[in-house]
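Only one structure is covered here, and it is reproduced in the block below.
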Amino acid sequence: MILLKLSEWKWRLVLSALLVCAVVFEGVFKKVGETLRVQTGDTLSLRCRGKPVQWSVPPYVEEDDGRLVIVQQERFSLLTLVNTTVADTGEYTCFPMYCEDKDCRREYSKAIKVFIFFPDPRELFIPSSSHYEMIQLRSNWPTVLPCQVTSPEAKVTLHREFPPGEVSVDGTEISFSNRKGFTIHRPRPHHAGVLHCVAALGNLRQSSTKYILIYVNYPMVPPAPVIQASSGSVAVGDNLRVACSAVGERDVFIEFSWEYPGQQIGRPLYTEETAIPVRGEASRQQFQSVLQVDEVRDVDQGTYTCTAQNLQGANSVSTTVKVVPKIKKLPV
């Protein structure tokens, strides 16, 4: 344990130096590595040195009242989990805390983690209450199929429902970890569909939850809109058009919204939206929204703001329009 005191600032930094855990063997705690196997039904005890510390546990453990007890001692925190089951399989993390007076926060970069398997000869996958799980395949982010096994010795393969067959796992496009599941590192449209995992150990063979993968082409950046009014000065009774455009990736929708002076009196919003390919760039489109104000009145004078938004974020641009009296023609 490392203890750093800055009395003038009243700060305290406590770093955990050792995580020792075991299903108590002859009353002695032993240091663990990245993974640990614990027999189902046994009591799990984890000790993390430091004061104070916090714990993170798998969802099933967190939701199950009564079996989990955490006690903070003078120099360490003790986590005890009784009546363990296969559903307790997962990552257990000890977070040292950074404190200023009574305000403390987790030191995520200093966390100590151990993945614990609770093998059961009848259950190769962590049980799930649902038969199907929807997963979004984001074009800009790896996707994980969380078919976690309860035994590190289980051999796991990935399978597609339609057309039926095993999916190739080359370790580059798709990789597998018995602590995480299958990871699709760069999702593409051909990865979409219904998939499931199959685990085999000895004579036992089981299938996981079915994963419905839906591909979504996420843009790289938020849109950068450009706004232009048909005229910066409009006479009362004339028509006004304010155009807002933004260039985006093909098949990535850009949504427009408007703020305009006429909203104050409930003037209805009339817009026309289009999307056309960018000449010479097959992978890009120009999206446009045109706000139409018919028979301009004094209340239509002011600032027109357009907001363009995609799945990455939004940006706004504004322009100002002046309304002037209509010039009356003198009789000849």
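Taken together, the values in this text are just the output of simple stated rules run on the coordinates, not laboratory data. Treat the numbers as computed from the prediction; the structure is a model and nothing was measured. Positions of Cβ are backbone-derived with ideal geometry, glycine not excepted, and every protein chain shown enters the neighbour counts.
Projecting label points 7 angstrom from Cα along Cα→Cβ for Cys104 and Phe162 puts them 5.3 nm apart.
A simple spin-label model places the labels of Arg241 and Thr320 2.5 nm from each other, with each point 7 Å out along Cα-to-Cβ. Taking the three principal axes of the alpha carbon atoms in the chain, the coordinate ranges are 114, 67, 36 Å, sorted in descending order. The stretch between Lys210 and Thr274 holds 19.2 nm of extra length on full extension. This uses 0.36 nm per residue minus the Cα-Cα distance. Annotation: amide H of Val278 within the under-5 Å range of Arg284, Gln285, Gln286, sequence separation 5 or more or interchain, hydrogens built in the peptide plane. Projected onto their three principal axes, the Cα atoms of the stretch 159-312 cover extents of 84, 37, 26 Å, largest first.
Remark: the stretch 151-168, residue by residue, has Karplus-estimated 3J(HN,Hα) of 10, x, 7, 5, 8, 10, 10, 10, 9, 9, 6, 9, x, x, x, 7, 8, 5 Hz, where x stands for each Gly or Pro and the curve is 6.51 cos²θ - 1.76 cosθ + 1.60 at θ = phi - 60°. Summing Lys and Arg as +1 and Asp and Glu as -1 over all other residues whose Cβ lies under 9 Å from the Cβ of Asn310 gives a net charge of -2. The packing ranking of peptides 136-142, 188-194, highest mean first, is 136-142, 188-194, where packing means the average number of other beta carbon atoms within 10 angstrom of each residue. Computed as a quarter of the hull surface, the mean projected area of the alpha carbon convex hull for the stretch 19-117 stands at 6.5 nm². Averaging 1/r over each pair of different alpha-carbon atoms in the stretch 132-216 and inverting the result gives 13.0 Å, the Kirkwood hydrodynamic radius.
Let's test the formula: R0 of 51 Å, r as the Cβ-Cβ distance of Trp141 and Lys31. What FRET efficiency results, to the nearest 0.05?
For Trp141 and Lys31, the calculated efficiency is 0.90.
With the simple model of a label 7 Å out from the Cα in the direction of the Cβ, Thr305 to Asn83 spans 5.6 nm. Each residue of the stretch 86-98 was assigned a 3J(HN,Hα) from its phi angle through the Karplus expression (A = 6.51, B = -1.76, C = 1.60, θ = phi - 60°), giving 4, 5, 7, 4, x, 9, 10, 10, 10, 10, x, 10, 9 Hz with x at Gly and Pro.
Go through Lys113/Lys155; Lys51/Lys180; Lys110/Lys210; Lys51/Lys113 and tell me which ones have a Cα-Cα distance over 26 Å in this structure. In this structure, Lys51/Lys180; Lys110/Lys210 exceed 26 Å between Cα atoms.
When only alpha carbons are used to place a centre, the stretch 34-70 and the stretch 144-177 end up 28 Å from one another. Taking the alpha-carbon centroid of each part, what is the distance from the stretch 92-122 to the stretch 251-312 in angstrom? Taking the Cα centre of each part, the stretch 92-122 and the stretch 251-312 sit 48 Å apart.
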